[in-house]
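Have a look at the structure below before the remarks.
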Amino acid sequence: MTAAAPRARPARTRGARRGERWWAYAFVAPPIVGFLVFGLWPMAASLYLSLTRYDVLTPPRWVGLDNYARLFTRDPFVAKTAWNTLAYLAGVPLGMATSLALALALNQGLRGERPLRWLFFLPSICSLVALSLVWGWVYHADYGLLNDALRSLGVARPPRWLEEPRWVKPALVAMGIWATAGQNMVLFLAALQGVPRHLLEAAELDGASAWQRFRHVTFPAISPTTFFVAVTGVIGAMQNFDQVYVMTRGGPEYASATYMLYLYQSGFQYYRMGYASAMAWALAAATALFTWLQFRASRRWVRHG
């Protein structure tokens, strides 16, 4: 007795296939339209405005590359704010080291770790504007919490953190590290829990010290996460605006002003929209360059798989 041949499935009609195709177009259309309207079109308009002199009140006037020439050769505030931004970039590795140290400490399986994880992560879910207002009070020279603590320890004249050029950048960097440490800590914790235990145990049996196990086993395993944190940290530092705007407005003497703050002032305070657009494209190019350099360097130390 021979088995019955399987019944052939009826071919889908052309109309059914056409209907599925239109449903696919319907699902894909919203993000594409959103990008074209709210992404690509503003970018194209900004590129055009960067080649004009535009003050919002009068029509744009074509000036070619004059805005870029002024940006790179005739505006001293660009160099000053760019240097300040690079100083904030120095806080990125410090923040990464802080986050990794917290993750290593909270990955030991001890009691009470869960509340500490929530406590360290709490600043990451708060508004940066609100955090900046709170830290503005902490850093206040006369009645701030930090200076009150220093006076109680015997410091007669503690620094005026947000009013002295030599102290304002370290103060802002320290606050930035505190605000972002919890978020990066969670990423490092997830990466640490994926480190192969058998490799750590084998290294320990071979007599490797704690530092050697971290250097040769743990760090290579978490290097993709470390790379991600580094890239996003650099991009965030180059776009630093809210914190500086709320806490110092760029003072004192422009010592804390970032490139992004000067871009905002150029466009929305001085109404030099064409010049601000040129600044924005220069910032985009610098960000792309830093990101590309990080990707190039990652080939030497990031281990995948």
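The values are calculated or read from the model by the stated rules, or taken from the named source; none is laboratory data. This one's a predicted model, so the numbers in the text were calculated from it and none came from an experiment. Here the Cβ positions follow ideal geometry from the backbone for every residue, glycine too, while neighbour counts run over all protein chains shown. These area figures cover heavy atoms from the full protein model, side chains too; ligands, DNA and RNA do not enter into them. Shrake-Rupley method; radii C 1.70, N 1.55, O 1.52, S 1.80 Å.
Kirkwood-type hydrodynamic radius, the stretch 63-200: 18.1 Å, calculated from all non-identical alpha-carbon pairs. Cβ-Cβ distance of Thr73 and Asp242, R₀ of 30 Å, FRET efficiency by 1/(1 + (r/R0)^6): the value works out to about 0.50.
Residues of the stretch 167-199 falling in the label zone of Ala297, defined by backbone nitrogen less than 16 Å from a point 7 Å along Cα to beta-carbon, are absent.
Ranking Met238, Gly19, Pro224 by how far each Cα lies toward the positive end of the dipole of the chain (charges on Cβ) leaves Gly19 at the top. In the chain, helices alone account for a calculated mean residue ellipticity at 222 nm of -20000 deg cm²/dmol, with every DSSP H run of four or more residues adding -39,500 (n - 2.57). Shown is the FRET efficiency for Ala210 and Arg114, computed with R0 = 30 Å from the Cβ-Cβ distance and rounded to the nearest 0.05: 0.80. Accessible surface of the stretch 153-216, 1.4 Å probe: 57 percent of it comes from carbon and sulfur atoms.
Which FRET efficiency value, to the nearest 0.05, do you get for Ala44 and Trp83 by plugging their Cβ-Cβ distance into 1/(1 + (r/R0)^6) with R0 = 35 Å?
Values: r = 31 Å, r/R0 = 0.89.
For R0 = 35 Å, the calculated efficiency reads 0.65.
Reported to the nearest whole Å, the Cα centre-to-centre distance from the stretch 265-305 to the stretch 200-230 is 32.
What the chain shows is 64 Å² of accessible area per residue, with the surface traced by a 1.4 Å probe over protein heavy atoms. Relative to one another, the C-alpha centroids of the stretch 63-78 and the stretch 112-169 are positioned 38 Å apart.
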